1. Ratio of Rg to Rh for segment 136-200, alpha carbon only, Kirkwood?
2. Could you name the lysines whose alpha carbon sits less than 17 Å from that of K137, not counting residues in the same chain fewer than 8 places away?
3. With everything on Cα atoms, drop me the angle between helix 144-156 and the longest principal axis of the chain, reported from 0 to 90° to the nearest 10.
4. Give the Rg (one decimal place) followed by the Dmax (whole number) of segment 37-88, computed from C-alpha coordinates and expressed in Å.
5. Shape call for segment 1-42 from the C-alpha gyration tensor, a ≥ b ≥ c root eigenvalues: rounded (a/c under 1.5), prolate (a/b greater than b/c) or oblate?
6. Of the cross-linked pairs K49/K115; K12/K189; K56/K82, which ones have a Cα-Cα span greater than 21 Å in the structure shown?
7. What is the helix-to-structure angle for 99-110, meaning the angle in degrees between its Cα long axis and the longest Cα principal axis of the chain, kept from 0 to 90 and rounded to the nearest 10?
8. Cα-based Rg of segment 33-156 per 2.2 N^0.38 Å, rounded to two decimals?
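The values are calculated or read from the model by the stated rules, or taken from the named source; none is laboratory data. Here the structure is a predicted model, which is why all the values come from computation and not from measurement. Note: accessible area is taken over every heavy atom of the protein model, side chains too, but ligands, DNA and RNA are not part of it. Shrake-Rupley method; radii C 1.70, N 1.55, O 1.52, S 1.80 Å.
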Amino acid sequence: MTTPFIEFKDVKKRFGSQEVLRGVNLSIPKGCITAVIGKSGTGKSVLLKHIAGLVKEDFGQVLIQGEPLNHLPGEKALALKKTMSYMFQDNALFDFLTVFDNIALPLSETSRMSKMQIKKKVHTRMSQLSIEGIDQKYPSELSGGMRKRVALARALVTDPEIILFDEPTTGLDPVRKNNVHHMIRQYQKKFGFTAVIVSHDIPDIFDLAQHIALLDEGVIIFEGTGQEILHSKTGKVHAFIQGKDYFV
């Protein structure tokens, strides 16, 4: 059996008296898009933060390529984190930095590249995402769609193996949601990174992601393809897809 690229083994996480993850078991394949779906407040973003190393499990293990994320020696853990990018829900662009400086930030902070090398790398990513010529603009001067592209360029500039997307289409209208999904699909195919997306975009996300995981009450109750979940007759899974009131 092939070792999952990212794997959760009975992961539990509590914040004070609230147990958010109650024993998550999840296998995330390499080189495809995995969507984590579920009702609000069920722990989807907390799950994502475990992969990013921003939150540490209370029990169980998070493994990347078979190695426990939180038990790696310092240098190996740092090297692993350099292969990962996190695209936040609100893009997390710095308003006081230009577009160029926002995109260049991960390279300026974590690499030993020269200014000329960084400039070339940033301009390459900007060209690939069709956002050339806005180097000296500020995020506040851009449309919502352009800000998403800038955030994605920043996520891609380090050539990551893994990109984590926390509800990337929140607050967007249906047309812009489709544009963001198309952008993620297009560049995932182009660059071959492994994507994990927390999303509420049902059923649109099923056309984007090759692998779906449904989180409910702190545990994964479904893993499979979009077609499999759409045709599932299993209790809560079917109720979620149908938008039943008792599942909200």
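1. Ratio value, two decimals: 0.96.
2. Here the lysines satisfying the reach criterion relative to K137 are K119, K148.
3. So the helix axis and the longest Cα principal axis differ by about 90 degrees.
4. Rg then Dmax for segment 37-88, in Å: 12.0, 37.
5. oblate
6. Too far apart for the 21 Å limit: K49/K115; K12/K189.
7. It is inclined by approximately 80 degrees.
8. In units of the 2.2 N^0.38 Å rule of thumb, it is 1.22.
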